[in-house]
1. Out of every Cα-Cα pair in region 564-679, what percent are more than 22 Å apart?
2. So in the chain, what percent of DSSP beta bridges are antiparallel if you round to the nearest 5?
3. Starting from the Cα-Cα distance between MET132 and GLU351, subtract it from 0.36 nm times their residue separation and give me the gain in nm to one decimal.
4. Using only Cα atoms, what Kirkwood radius does region 63-106 have, in angstroms?
5. I'd like the distance separating the alpha-carbon centroids of region 285-331 and region 193-267, in whole Å.
6. Past the 23 Å Cα-Cα mark, which pairs from LYS513/LYS655; LYS480/LYS634; LYS480/LYS586; LYS438/LYS708?
7. For region 613-709, give the percent of accessible area contributed by carbon and sulfur heavy atoms, probe 1.4 Å, rounded to a whole number.
8. With a 1.4 Å probe and all protein chains kept in place, how do PHE347, PHE97 rank by accessible area, largest first?
Amino acid sequence: MARLVRMGIDVGGTHTKAVAMDNATHEIIGKSSVKTTHDDKRGVAAGVVKAFQNCLKENYIEPDDVVFVAHSTTQATNALLEGDVATVGVIGMAKGFLEGVMAKRQTNIKDIDLGTGRSIKILNTYLDTKKMTDDSIKGAIRDLKTQGAQVLVASMAFGVDDDTKEQMVYKAADFQGIPTTMASDITKLYGLTRRTRTAAINASILPKMLDTATSTEMSVREAGVHVPLMIMRGDGGVMDISEMKKRPVLTMLSGPAASVMGSLMYLRASNGVYFEVGGTSTNIGVIKNGRPAIDYSIVGGHSTYISSLDVRVLGVAGGSMVRANKSGIVDVGPRSAHIAGLEYSVFTEGEKIKSPKVEFFSPKAGDPSDYVSIRLENGERVTLTNSCAANVLGLVQPEHFSYGYVESARKAMKALADYCQTTVEDIATQIMQKSFEKIEPVILALAEKYKLEHDQISLVGVGGGAASLICYCADKMNLKYSIPENAEVISSIGVALSMVRDVVERIIPTPSKEDIRSIKQEAMNKAIESGATPDSVEIHIEIDPQTSKVTAIAMGSTEVKATDLLKECSEEEARDLAAADLRVDKDQVELRAKTDYFYVYGQKQAVPDAPTAVRILDKKGFIKAQRGYAVSVKVQAKDYINAVEDMWETMATYKTDLIIRPEYYLCMGAKMMDFSVNDYEQLQMLMDLEVMNLDPDTEIIVTAANQKE
């Protein structure tokens, strides 16, 4: 039988990289890279297709063998950054009276500042739904077009409950060939101003994204591939290109999302802080319980309802240049060697580094004039970067992408060390320390926000410059770290292996079982619309007690896997993995519970069954949960609630002014679900909805975890 292939293409600022993977084993079959085609008349789509076709040809892959094609895109982000946006006409709607007065004001939004000196121009009109007719809708559309609107937004007060009127506007505009966004299509959350603004941002990039999507799809079809073309979302999933044509704004930040999903596939860890280190900037974010941390994007200082990875961007990376004076290193970054047009000393051949002398300069007009360059005997200049310092200190190994000519970096750095009257090692350490001082607070803040215990934090380095920063930071913070294999193409791997993801959010003050069933079904339907097969969809429910927001996250694949060829690990191998992750000898680890699909290992305690650090592993050896203080028990499905209720009290942490209730993990059959709800009745309702479909005698592992008192 022919080998079936998954293709992932990541569009970066400089390169567009394609990776072909075996659909069954996830083994990399081939890679191909081309320069990103910013200037082509088809834009970046030309590079996507070129990388795709090269990868097929170079690796002798037949088009018929391709079962999945997806690509990430920087287009939405770049269109907003560059102000390459359409003028938006907003049609606000409501029933009149007080509701109408409020809605008219809330949908009458101002031009949206993109934070770059550019903005989205907004034109507004309003319709009273009680007096709405086909003619009044056509008149409103005609007026906005006359004023210069190129795209439209239909936004009605309480449109999330009934979108009939928004649909009428959409159909009328579609008949006239005007791209239109329904606000209720983008989010089901209340908050009319924010919902309208989010829809306007989406509408503003519709024309550009439609052109790119159509061009890419046609080219892939011409290459002989007829499976659906998927597009990476900013929240780590993929959606069918037909869905992207409606909601292109969801692709914002799909580049960082791709690298995270790639990391997840290559790591046997469920919690961690990941670094995507480029030459100029570093993206830092969180993986928790096997999922990337998601939050709402902010565009030009405005909150939106666009879910994307919760990423912190720092101007310190592999190619960040240093600033110095006689006393030593003053700062590192934000200017990079790339911006200054200089080569890193560590990537300069040794024979060129002759008679190096320090020269201070200002990379761009208005920049400080104490950036360091090194003038060589041949008249050329090179510079010192984090990568140079990490190589000098022996932190970068030959297998790492950022490994270079260590002796070149030493010779260039000695010129600065002599100027500062110190040693090369001291200068290299100062450089790394300055970078670390910017990175550490970000890691600690993310760990606090997402409640990661110290022993859960594992640093994951991706991107070409990962080794330049992660080794030093991990050592200083006493954290584990890993740089996955193929780190430099991890984004393309992430795209190739991504699942379809869709989200439904609703404000429901006291959700009933019927409410939860309804929102789960809606999320399931959206995931299937986006390209997932029904059998593959799993749904995770979150309830926020502060805002009464109920979130249903649906994940599924585009094809049902007939086989899973990853080798199962034995009980002994699982013990070794748990011990390594707990950083203890394996004789300090004991099996707390196991089923046909999961192992739970805990650190040995003097008191049997007392709370301890635990690791939940599946039979493939992937660590699904890491907790520092937890208990686990195996029960039958019919008795599970007794264990949950008992742990609700015994695992509670009592503070002066509040009670912190435990988080739960249920291992049911081949899936593990996590639950974090402060209201016991809501917790039981969510669990019952999952457990009620099981045979009463099915074995379940119930784990409850909390912070230590």
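The values are calculated or read from the model by the stated rules, or taken from the named source; none is laboratory data. Nothing here was measured: the structure is a model prediction, and the numbers come from that model. Cβ atoms come from the backbone with ideal geometry, glycine included; neighbour counts cover every protein chain shown. Please note that ligands, DNA and RNA were not included when accessible areas were found on the heavy atoms of the full protein model with its side chains. Shrake-Rupley method; radii C 1.70, N 1.55, O 1.52, S 1.80 Å.
1. Cα-Cα pairs in region 564-679 separated by more than 22 Å: 35 percent.
2. Antiparallel: roughly 75 percent of the beta bridges in the chain.
3. 71.0 nm
4. Roughly 15.0 Å, rounded to one decimal.
5. Taking the Cα centre of region 193-267 as reference, the centre of region 285-331 is 22 Å away.
6. Result: LYS513/LYS655; LYS480/LYS634; LYS438/LYS708 exceed 23 Å.
7. 45 percent
8. PHE97, PHE347
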